[in-house]
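Taking it in order: structure first as structure tokens, then the write-up.
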Amino acid sequence: MMLRCKPGDIAIIINDDIECSRNIGRFVKVHDPKVHMGVYGYCWTIVPLSSEGLYIIDKGKLELTPNIQLNDNILHPDKWLKPIRPFQKPIKIQKTTSLITCR
């Protein structure tokens, strides 16, 4: 299984349950453990980078939870996160002055 995120990544939330759609666009840090949660697939423990927190559903009630910490164990599906990674070093391409032709 190919996962998008890995522990330590900074990611942006790109999808969420309809009730928590205000979380879309928020930045989080991805932590282990990852767990499989049925239709959601693999989920990561996340911590938002902002102290504003995240909207979560707790016991059927939507709540804005500020100051989320790692031990709060907030899980989010891997498929709903997009990691933000630095650009990799460009590949060096050599210029050539001759053109090879095949006959």
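Couple of notes before you dig in:
- Residues listed by number, segment 33-67, amide nitrogen under 15 Å from ILE24 label point at 7 Å toward C-beta: 55
- In order along segment 58-64, the Karplus-derived 3J(HN,Hα) couplings, from 6.51 cos²θ - 1.76 cosθ + 1.60 at θ = phi - 60°, round to 10, 6, x, 10, 6, 9, 8 Hz, and Gly and Pro are given as x.
- Net lengthening on full extension, LYS82/TYR42 (0.36 nm per residue, minus Cα-Cα): 13.0 nm
- Hypothetical label at ASN73: residues of segment 6-46 whose amide nitrogen lies under 15 Å (7 Å Cα-Cβ projection): 32-37, 43-46
- Whether segment 17-84 is rounded, prolate or oblate, judged on the alpha carbon gyration tensor where a/c under 1.5 counts as rounded: rounded
- Computed from label points 7 Å out along Cα-Cβ, the spacing between THR65 and ASN15 is 2.2 nm.
- For CYS43, the residues whose modelled amide H falls within less than 5 Å of its own, excluding neighbours fewer than 5 places apart on the same chain, are VAL35, HIS36, MET37, ASP78.
Laboratory data are not the source of any read-out in this text; all were calculated from the coordinates shown. Not measured: the values here are computed from a predicted model. Note: ideal-geometry Cβ built from the backbone for every residue, glycine included; neighbour counts use all protein chains shown.
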